[in-house]
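A short write-up of the structure that comes next.
The values are calculated or read from the model by the stated rules, or taken from the named source; none is laboratory data. Quantities reported herein were computed from a predicted structural model and do not represent experimental measurements. We place every Cβ from the backbone using ideal geometry, glycine too, and count neighbours over all the protein chains shown.
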Ligand code: GDP
Ligand code: MG
């Protein structure tokens, strides 16, 4: 995997006081092979290695402190550059409905994206109508209706029994309806094929001409590897697009398609899709993706998701208590439940820096461990939760029985809890922010 390969090649540089040009060449050769193996398009790899080599030579010559670190920095910045730098804002109509049209191969994730976009836009306070212009695949209309229902937005679909139906007409009438009802954003779902084909492209062009989209979002499955280049150029030259959505970034192919598509098509990546659920979706940020590829974790995304899904007030209360060293097991449990709401522990841990290398261990992470902790805390009396120091042998035995665990499990939890409490108390003292009570929220 790309992340592992890159961190492997940096390992030799770390901690070296002096770098020669040969060291740089050696590292860049490894990076080049890692990128090619991750299906990054050749022209993109060429540009990347040329730019990095120049700057890395410079860093080596400058005899600056810790040149290895600098090379990592250079690679990071170049990744950000290739991924497109700053994320641009979406184009919205100044008057009347904004139209987003989705394009891409069958199975790329368009219909799923329609739901994600719908929910996201609705949460931003806009009214949304999803338009079912995929009349190709049986069940496609129904799928959009289900997704729209989940997202809590309206769906415009041809009446059953209308015969074959004309996707262009559906798009046109959907937009007319949105205009009449004062709907803010129309998302037009379209049909894809398994491969690029002229009929599909002609249909997409006809829909485009009928509704004049403000954004045409090309949805690209990040798992497709080398085909990503061919598919994206075909869509660029066919219907054309204003932005890219990378789907299935939760899969194993970390980075290849993402790195190629911007360089190959020139269009910015606007969103990343990271799962089948409606919330598995985020704005694409080049610096975060670069961090992910370099296995620097993705703390910003984690924080954003945490903010969205956690109870702010509750989280702050717990943080304040923790920093002042007054954490109780009740807080611990509530924190655990909040974290769990973020998704599986595996996914959460995967976004924390340094955890990427523990992926194998994460595979074996036992979600039931969280259940065990919860059962143990629930078997304690309020007094025990507030003050673990009263937990003598007989209390521990009672708790183990009550929670269906062993005394060893209970001891382990108490130990970990006390260590966490002590550590966070120290952090609170060091940062000089007792309680953090004045944090804005
Ligand atoms: P469409 O043919 O382009 O409309 O693709 P769909 O939206 O029907 O998605 C095809 C399949 O991919 C479905 O099973 C989706 O649940 C799945 N899918 C879509 N987006 C993602 C994603 O970001 N991650 C994962 N793991 N699966 C996805
Ligand atoms: Mg579809």
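For residue 138, all conditions in the list (1) at pLDDT 95 or above; (2) farther than 19 Å from residue 207 by Cβ hold save one; what is the number of the exception?
For residue 138, the exception is condition (1).
Return the residues of the range 387-410 that are surrounded by 14 or more Cβ atoms within 10 Å (Cβ to Cβ) and under 37 Å from the mean Cα position of the chain (by Cα); say none if nothing qualifies.
403, 405, 409, 410
Of the conditions (1) surrounded by 23 or more Cβ atoms within 10 Å (Cβ to Cβ); (2) under 26 Å from residue 261 (Cβ atoms), residue 214 clears all except one; give me its number.
(1)
How many residues does the range 94-110 contain that are assigned to a loop (DSSP other than H, G, I, E, B), away from ligand 1 (no atom under 16 Å from the Cβ) and at pLDDT 95 or above? If you could, list the steps in order and put the result at the bottom.
From the range 94-110, those assigned to a loop (DSSP other than H, G, I, E, B) are 94-97, 104-109; that's our starting set.
Okay, now just the ones that are also away from ligand 1 (no atom under 16 Å from the Cβ), so 94-97.
Keeping just the survivors that are at pLDDT 95 or above gives 97.
Final tally of qualifying residues: 1.
Do we find that residue 207 is within 16 Å of ligand 1 (Cβ to nearest atom), within 14 Å of residue 240 (Cα to Cα), outside any helix (DSSP H, G or I) and modelled with pLDDT of 95 or more in this structure?
no
Please go through the range 140-196 and pick out each residue that is at positive phi and touching a residue at least 40 places away in the same chain (Cβ under 8 Å).
Matches in the range 140-196: 182 only.
Here is a list: 243, 149, 195, 238. Which entry is over 13 Å from residue 114 (Cβ atoms), assigned by TED's automatic domain parsing to the domain that holds residue 104 and surrounded by fewer than 17 Cβ atoms within 10 Å (Cβ to Cβ)?
Every option except 195 fails the conditions.
Results for (1) in contact with a helix residue (DSSP H, G or I) (Cβ under 8 Å, 6 or more places away or on another chain); (2) within 16 Å of ligand 2 (Cβ to nearest atom), shown as yes or no for each residue.
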position	(1), (2)
194	no, yes
214	no, no
221	yes, yes
230	no, no
246	yes, no
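Checking residue 26 against (1) within 29 Å of residue 249 (Cβ to Cβ); (2) free of Cβ contacts under 8 Å to residues at least 24 places away in the same chain, only one condition comes out false. Which one?
It fails just one condition, (1).
Starting from the range 100-122, keep only residues that are closer than 16 Å to residue 197 by Cα, then list their pairs with residues that are within 10 Å of ligand 2 (Cβ to nearest atom) and part of a helix (DSSP H, G or I) whose Cβ atoms are within a distance under 6 Å, requiring at least 6 positions of separation or different chains.
Going by the 6 Å Cβ cut-off, the qualifying pairs are 104/110.
Just checking, how many residues over the range 132-169 are within 12 Å of ligand 2 (Cβ to nearest atom) and outside any helix (DSSP H, G or I)?
The total comes to 8.
Only one of 113, 129, 135 is buried (at least 18 other Cβ atoms within 10 Å of the Cβ), within 30 Å of residue 228 (Cα to Cα) and within 11 Å of ligand 1 (Cβ to nearest atom). Can you tell me which?
After ruling out the rest, the residue left standing is 113.
Being away from ligand 1 (no atom under 14 Å from the Cβ), part of a helix (DSSP H, G or I) and under 21 Å from residue 281 (Cβ atoms), is that true of even one residue in the range 222-242?
Scanning the range 222-242 turns up at least one residue that is away from ligand 1 (no atom under 14 Å from the Cβ), part of a helix (DSSP H, G or I) and under 21 Å from residue 281 (Cβ atoms).
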